[in-house]
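Undergrad: Just dropping this structure here.
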Amino acid sequence: MDFDYDLFVIGGGSGGVRAARVAAQAGARVALAEESRYGGTCVIRGCVPKKLMVFASEYPAAIADAQSYGWTVHAGGFDWPAFRTKLHAELDRLEDVYRGILSRNAVESFDTRARLADAHTVELASGQRFSARHILVATGGWPVKPDIPGAEHALTSNEIFHLDALPKSMLIIGGGYIACEFACILNGLGVEVTQFYRGAQILRGFDGEARGLIADEMIQSGVNLHLGTNIVEMEETEGGFRVKATNGTERVFDKVMFATGRAPNTADMGLEEAGVALGRNGEVEVDAYSQSSVPSVFAIGDVTDRVNLTPVAIREGMAFVETVIKGNPTPVDHVNIPTAIFTQPEMGTVGMSEEEAREHGPIEVYCTSFKPMQQSFAGRPDRVLMKLIVAAESRRVLGCHIVAPGAGELIQLAGVAVKMGATKEDFDRTVAVHPTMSEEIVTMNTPVRTA
Ligand code: NDP
């Protein structure tokens, strides 16, 4: 049977655009449909604008430090509309780059919603239908809000980049990446931030000691963090939103933001009708090659709810093209993915947390926490943390956790060593770079604990 396309990609985010480009470069006839903006969550309403806001929010502390170093400087005020205008101009530029990638590689793009009509047919919102040998679902995810009275008034990370003005006060609900990152960003920009997290400690799943330090530092820098606390209901009132909390308190905030997780974008996509199996969360169930229960339908990125990170979606897209278009079966490797959380201080992490590693056999824990030279000189109480989890028998470094300014940059390199299977002795025989914070990662001689 002759198909209109070899590959039809639904979704123009990081994963979809990469798969479309690489498939087209390999000689496939490729089409892609995107209903919103090219670049997807990462570029338009996630990583990129978030990181630019992180940069913006770090200047007050940098200016205070500059004063401590002898400079006569004053912060003045933060011009949110000026920053926001520039931010969106940058996002427009990046969207053009993504469109350009597709057009330069002869990927036919359709600026519209698309869904599956059957295992080999995509239907656009206009009713137009195309047949494809393979269909790749790369529709990403979307923020979800808990079902509580008044939730419709709350913001999510989607809206935060479009605020007309920065609020005076903001309540953030959640304790994951997004909640913690925005608590720090908005705090840095001068918003009075309160954060409610229902559990005992923020950033569930990450290394316990690292989470503890981040929480302490966030509180110290002004975030009003309430653990073991959730929202019960909210209502619009004069001057903001009245929020009732599980701890019995009631307070009014200018704005409320939910960062309570994201759900895969699979609703009304024709997936189940075409026989594609979905998981409990609505995610497309896929095998190690990103193939769904329908052999011609594949899925990558957040819509599969595996590891919801941009570089992982890109890897999954590349492995899909290698497998399906180039005929070289390539499973996706999800082991030891380094990642950063852009809280203040930042966290960079790769491999197992101490808690997880304990479940896998005897370990040694090497850990140090100290005041780094630059901040200490400026009179700041900030501490950093460097931690290695080592398998007692094989000596392999199972996990590396860094909480420090620039930890995201550091963990990329530590990630190479951990991925290569470096042992503690490999770290030990690496000469320290002096004077740096990260030299501590190769100079920790004695375990602080064994387990
Ligand atoms: P997460 O799943 O990481 O966190 C959701 C948070 O909301 C958790 O603290 C969860 O609590 C809490 N929560 C869930 N439901 C409720 C509820 N009904 N009431 C109150 N609290 C609730 O989601 P995020 O939205 O923060 O991030 C989504 C994904 O995006 C991340 O998993 C990550 O993969 C990615 N991301 C990555 C970033 C990076 O690489 N720097 C930055 C931002 C996002 P509990 O822990 O108790 O379940």
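Undergrad: Need pairs with beta-carbon distance below 6 Å; first residue on the phi > 0 side of the Ramachandran plot and within the range 166-185, second within 9 Å of the ligand (Cβ to nearest atom) and not hydrophobic (A, V, I, L, M, F, W, C); sequence gap 6+ or separate chains.
TA: Gly174/Thr260
Undergrad: Check Gly205 against each of (1) touching a residue at least 60 places away in the same chain (Cβ under 8 Å); (2) open to solvent by less than 50 Å² (accessible area, probe 1.4 Å); (3) within 11 Å of the ligand (Cβ to nearest atom); (4) within 27 Å of Gly40 (Cβ to Cβ) and name the one condition it does not meet.
TA: (2)
Undergrad: Another question about this same structure. If you go through the range 129-141, how many residues are out of contact with any helix residue (DSSP H, G or I) (no Cβ under 7 Å at 6 or more places or on another chain) and either free of Cβ contacts under 8 Å to residues at least 40 places away in the same chain or within 12 Å of the ligand (Cβ to nearest atom) (or both)? Walk me through how you get there before you give the answer.
TA: If we filter the range 129-141 for residues that are out of contact with any helix residue (DSSP H, G or I) (no Cβ under 7 Å at 6 or more places or on another chain), which is where we start, we get 129-133, 135.
Add one more test, that the residue is either free of Cβ contacts under 8 Å to residues at least 40 places away in the same chain or within 12 Å of the ligand (Cβ to nearest atom) (or both), and what stays is 129.
Count: 1.
Undergrad: Return the pair list, or none, for Cβ contacts closer than 6 Å from residues in the range 251-262 that are closer than 15 Å to Val232 by Cα to residues that are more than 11 Å from the ligand (Cβ to nearest atom) and not in a strand (DSSP E or B), at least 6 apart or on different chains.
TA: Pairs found: Val256/Ala154; Phe258/Ala154.
Undergrad: Enumerate the pairs (first residue in the range 142-157 and basic (Lys, Arg); second residue anywhere and near the ligand (Cβ under 10 Å from one of its atoms) and part of a loop (DSSP other than H, G, I, E, B)) with beta-carbon separation below 9 Å, excluding pairs fewer than 6 apart on the same chain, so at least 6 apart or on different chains.
TA: Lys145/Thr156; Lys145/Thr260
Undergrad: So the check is Cβ under 6 Å with 6+ separation or different chains; which pairs have a first residue in the range 220-241 that's at pLDDT below 95 and in a strand (DSSP E or B) and a second one that's open to solvent by less than 60 Å² (accessible area, probe 1.4 Å) and away from the ligand (no atom under 12 Å from the Cβ)?
TA: As it stands, the answer is none, since no pair meets every condition given.
Undergrad: While we're looking at this one, here's another question. I need a count of the residues in the range 268-298 that are aliphatic (A, V, I, L, M) and farther than 24 Å from Ser131 by Cβ. Steps first, please.
TA: Step one: filter the range 268-298 for residues aliphatic (A, V, I, L, M), giving 269, 271, 274, 276-278, 284, 286, 288, 294, 297.
Still in the list and also farther than 24 Å from Ser131 by Cβ: 288.
Looking only at that region, the number is 1.
Undergrad: Filtering the range 144-188 down to residues that are more than 9 Å from the ligand (Cβ to nearest atom) and touching a Pro at 6+ places or on another chain (Cβ under 7 Å), which residue is least open to solvent (accessible area, probe 1.4 Å)?
TA: The qualifying residue least open to solvent (accessible area, probe 1.4 Å) is Phe161.
Undergrad: For the range 113-128, state whether one or more residues are touching a Pro at 6+ places or on another chain (Cβ under 6 Å) and either away from the ligand (no atom under 12 Å from the Cβ) or among the aliphatic types (A, V, I, L, M) (or both).
TA: Here is the first cut: in the range 113-128, the ones touching a Pro at 6+ places or on another chain (Cβ under 6 Å) are none.
Checking the range 113-128: not a single residue is touching a Pro at 6+ places or on another chain (Cβ under 6 Å) and either away from the ligand (no atom under 12 Å from the Cβ) or among the aliphatic types (A, V, I, L, M) (or both).
Undergrad: Could you grab me the full set of residues in the range 299-333 that are within 15 Å of the ligand (Cβ to nearest atom) and open to solvent by 60 Å² or more (accessible area, probe 1.4 Å)?
TA: Taking the range 299-333 as the starting set, the residues that turn out to be within 15 Å of the ligand (Cβ to nearest atom) are 300-316.
Correct list: Arg306, Asn308, Pro311, Arg315.
Undergrad: How many of the residues making up the range 125-143 are over 25 Å from the mean Cα position of the chain (by Cα), under 14 Å from Gly270 (Cβ atoms) and surrounded by 18 or more Cβ atoms within 10 Å (Cβ to Cβ)? Break it down into steps so the answer makes sense when it comes.
TA: Step one: of the range 125-143, the residues over 25 Å from the mean Cα position of the chain (by Cα) are 125-135.
The next check asks that each one be under 14 Å from Gly270 (Cβ atoms); those that pass are 125, 127, 129-130, 132, 135.
Filter once more, so that each one left must be surrounded by 18 or more Cβ atoms within 10 Å (Cβ to Cβ): 130, 132, 135.
The number of residues fulfilling the criteria is 3.
Undergrad: With the requirement that a residue be surrounded by fewer than 21 Cβ atoms within 10 Å (Cβ to Cβ), within 18 Å of Phe320 (Cβ to Cβ) and of a type in the set (S, T, N, Q), what does the range 269-293 give you?
TA: Hits for the range 269-293 are Gln291, Ser293.
Undergrad: Being open to solvent by 20 Å² or more (accessible area, probe 1.4 Å), more than 16 Å from the ligand (Cβ to nearest atom) and closer than 23 Å to Gln220 by Cβ is the filter here, so list the residues in the range 340-374 that pass it.
TA: Once the filter is applied, which keeps residues that are open to solvent by 20 Å² or more (accessible area, probe 1.4 Å), more than 16 Å from the ligand (Cβ to nearest atom) and closer than 23 Å to Gln220 by Cβ, the range 340-374 yields Cys367, Thr368, Ser369, Phe370, Lys371, Met373, Gln374.
Undergrad: Could you tell me whether any residue of the range 74-93 is in contact with a strand residue (DSSP E or B) (Cβ under 9 Å, 6 or more places away or on another chain) and either more than 28 Å from Ile10 (Cβ to Cβ) or hydrophobic (A, V, I, L, M, F, W, C) (or both)? Reasoning before the result, please.
TA: Initial filter on the range 74-93 (in contact with a strand residue (DSSP E or B) (Cβ under 9 Å, 6 or more places away or on another chain)): 91.
Narrowing the set further to residues that are either more than 28 Å from Ile10 (Cβ to Cβ) or hydrophobic (A, V, I, L, M, F, W, C) (or both) leaves 91.
Checked against the condition, which is being in contact with a strand residue (DSSP E or B) (Cβ under 9 Å, 6 or more places away or on another chain) and either more than 28 Å from Ile10 (Cβ to Cβ) or hydrophobic (A, V, I, L, M, F, W, C) (or both), the range 74-93 yields at least one hit.
Undergrad: Let me ask something additional. Residues Tyr98, Tyr69, Tyr38: which one is farther than 28 Å from Asp164 by Cβ and in contact (Cβ under 8 Å) with a residue 24 or more places away in the chain? Quick ask: steps written out before the conclusion?
TA: Values: Tyr98 fails: farther than 28 Å from Asp164 by Cβ; Tyr38 fails: farther than 28 Å from Asp164 by Cβ.
Exactly one of Tyr98, Tyr69, Tyr38 is farther than 28 Å from Asp164 by Cβ and in contact (Cβ under 8 Å) with a residue 24 or more places away in the chain, namely Tyr69.
Undergrad: Would you mention how many residues in the range 337-373 are of a type in the set (Val, Ile, Thr) and more than 18 Å from Val397 (Cβ to Cβ)?
TA: Going through the range 337-373, the residues of a type in the set (Val, Ile, Thr) turn out to be 337, 339, 341, 343, 349-350, 363, 365, 368.
From the residues that got through so far, the ones that are more than 18 Å from Val397 (Cβ to Cβ) too are 341, 343.
Total meeting the criteria: 2.
Undergrad: Going through the range 394-451 one residue at a time, which ones are open to solvent by 40 Å² or more (accessible area, probe 1.4 Å) and charged (D, E, K, R)?
TA: Answer for the range 394-451, where residues must be open to solvent by 40 Å² or more (accessible area, probe 1.4 Å) and charged (D, E, K, R): Arg395, Arg396, Glu409, Lys419, Glu425, Asp426, Asp428, Arg429, Glu440, Arg449.
Undergrad: Considering only residues that are touching a residue at least 60 places away in the same chain (Cβ under 8 Å) and basic (Lys, Arg), look in the range 375-410 and name the one that is farthest from the ligand (Cβ to nearest atom).
TA: Across the range 375-410, the extreme among qualifying residues is Arg380.
The values are calculated or read from the model by the stated rules, or taken from the named source; none is laboratory data. Computed from a prediction, not measured in an experiment: that's the story for all the values here. Cβ coordinates were reconstructed from backbone atoms using ideal geometry, including for glycine residues, and neighbour counts include every protein chain displayed. The accessibility values were calculated without ligands, DNA or RNA, using every heavy atom of the protein model including side chains. Shrake-Rupley method; radii C 1.70, N 1.55, O 1.52, S 1.80 Å.
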